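*Asks:* Okay, here's the structure, questions in a sec.
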Amino acid sequence: MGYTIAVVGATGAVGTQMIKMLEESNLPIDKLRLLASARSAGETLTFKEQAIIIEETRESSFADVDLALFSAGGSTSAKYVPYAVQAGAVVVDNTSYFRQNPQVPLVVPEVNADALEQHQGVVACPNCSTIQMMIALEPIRQKWGLERIIVSTYQAVSGAGQSAINEMKKQYCQVINEELDPKNVTASILPSAGDKKHYPIAFNALPQIDLFTDNDYTYEEMKMTRETKKIMSDDNIKVSATCVRIPVLSAHSESVYIETATVAPIEEVKAAIQAFPGAVLEDDTKEQVYPQAVNAVGSKETFIGRVRKDLDIENGIHMWVVSDNLLKGAAWNSVQIAEALHQRGLVKPSKQLLFELK
């Protein structure tokens, strides 16, 4: 007997990828329900060659739903996840809303699938940049331990949504076709739609993703710090991030520096990465082989290369990590969580509701 699965935010960049990933999944699916905002209701999307009518997300949308995959923004999750849980669904939430809730597992299945056993109706999917870094670092942590992580991200515009992609393309056209100075093109979205100022992304790099916090780090940077500690169940790991938006369509790249607890031979590190589920080692400097964003688009895997010892710190290692932020960074990780819940027999109503409806 199969599941009834709901995708909330079905028309968004991640939601449409969730539908594709569900098509490729081994989950037994009897019925798929596609939920979105009122303006998309009545339109159709295709799942396994079948046209499915999109429904408006309502409080009553989750009757008979077994699994609900949410990717429609934190405010939507805040409003509707309690109704889904109350109706008996298990929720996989791809927003940041529940990630730091101590009662909600934050899961990258290759790293900490055991945390699913503790779910009380909701499982959170980590930030896209955190997910790919966890795939790269977990095989190292398992063998040699981790003491420190310093990461600089080079994040694609798709992480900010379709409107940001459209604006970047428009800016390039303004510069190339109209011969405008790049700093004078129209900008109304990046680096953060909710902030006071907006800057061009075409021919530019913006060292701000999301708003700034009181400590001068952005929320995106703090997400990576806090999520890493939670996923690895280690508050003692030192983590610091600098998150940068660059004019790439899709796939995030990261420069990662780590310090291991014990000295790790670099060839053994490469072997451990290559053997880890979901990780692909692309590391042959003699042949100029290393991960690239254009090659990662459309792949579920995380690609790791430029793995090398630090020149001055004995236990220091550098690497370059690339992954499709809409797939492993969001849609695929969410579907993997759903698959792991199924495999462990955990797709069942919560015994204890976390949420009280107001």
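The values are calculated or read from the model by the stated rules, or taken from the named source; none is laboratory data. What you see is a predicted model; the values in this text were computed from it and never measured. Every residue, glycine among them, receives a Cβ derived from its backbone with ideal geometry; neighbour counts consider all protein chains shown. Each accessible area value is taken on the protein alone, full model and side chains, heavy atoms only, with ligands, DNA and RNA left out. Shrake-Rupley method; radii C 1.70, N 1.55, O 1.52, S 1.80 Å.
*Asks:* State the answer as a single residue: which of A205, S158, F276 lies farthest towards the positive end of the charge dipole of the range 130-323, with beta carbon charges of +1 for Lys and Arg and -1 for Asp and Glu, about the Cα centre.
*Replies:* Result: S158.
*Asks:* Next up: Could you work out how far apart the two model spin labels at I150 and H198 are, taking each label as a point 7 Å from the Cα in the direction of the beta carbon, and quote it in nm?
*Replies:* Result for the modelled spin labels: 3.5 nm.
*Asks:* Can you tell me which of K48, K300, K229 moves the most in a GNM of the chain? Springs connect C-alpha atoms under 10 Å apart.
*Replies:* K48
*Asks:* Also, quick follow-up: Taking 0.36 nm per intervening residue step and subtracting the Cα-Cα distance, what contour gain separates K170 from N26 on full extension?
*Replies:* Result for the pair: 47.9 nm of gain on full extension.
*Asks:* Take each uninterrupted DSSP H stretch in the chain, measure its Cα extent along the helix axis, and return the ones at 20 Å or beyond whose mean Kyte-Doolittle hydropathy is at least -1.0.
*Replies:* The answer, listed by residue number, is 128-144, 162-177.
*Asks:* What's the magnitude of the charge dipole for the chain around its Cα centre, counting Lys and Arg as +1 and Asp and Glu as -1 at the beta-carbon? Answer in Debye, nearest 20.
*Replies:* Charge dipole of the chain: 560 debye, to the nearest 20.
*Asks:* For the chain, what's the relative contact order in percent, using C-alpha pairs closer than 8 Å and at least 6 residues apart?
*Replies:* Reported as a whole number, the value is 20 percent.
*Asks:* With +1 on each Lys and Arg Cβ and -1 on each Asp and Glu Cβ, and nothing else charged, work out how big the dipole of the range 130-323 is about its Cα centre, in Debye to the nearest 20. Could you put the intermediate results ahead of the total?
*Replies:* Values: 20 positive and 27 negative charges, 65 e Å.
Around 320 debye, computed over the range 130-323.
*Asks:* Something else: Give me the extension gain from A51 to T262: residue separation times 0.36 nm, minus the current Cα-Cα distance, reported in nm with one decimal.
*Replies:* Values: separation 211, 0.36 × 211 = 75.96 nm, distance 5.47 nm.
That pair, A51 and T262, stretches by 70.5 nm at full extension.
*Asks:* Take the solvent-accessible surface of the protein heavy atoms, probe 1.4 Å, and return the percent of it on the range 130-323 that carbon and sulfur atoms account for.
*Replies:* Here it works out to 49 percent.
*Asks:* Now, a different point. Of K79/K348; K31/K348; K79/K229; K20/K270; K197/K229, which sit over 24 Å apart, Cα to Cα?
*Replies:* On the way: K79/K348 21 Å; K31/K348 17 Å; K79/K229 27 Å; K20/K270 32 Å; K197/K229 32 Å.
Where the Cα-Cα span goes over 24 Å, the pairs concerned are K79/K229; K20/K270; K197/K229.
*Asks:* What percent do you get for the relative contact order of the range 130-323 when only Cα pairs under 8 Å and 6+ apart count?
*Replies:* 28
*Asks:* Ok, one more. Under the 0.36 nm per residue contour assumption, what length would be gained going from the current alpha-carbon distance of V347 and Q118 to full extension?
*Replies:* That pair, V347 and Q118, stretches by 81.2 nm at full extension.
*Asks:* Considering only protein heavy atoms, what per residue accessible area in square angstrom results for the chain with a 1.4 angstrom probe? Intermediate values should be presented prior to the final figure.
*Replies:* Details: 16340 Å² over 358 residues.
In whole numbers, the chain has 46 Å² accessible per residue.
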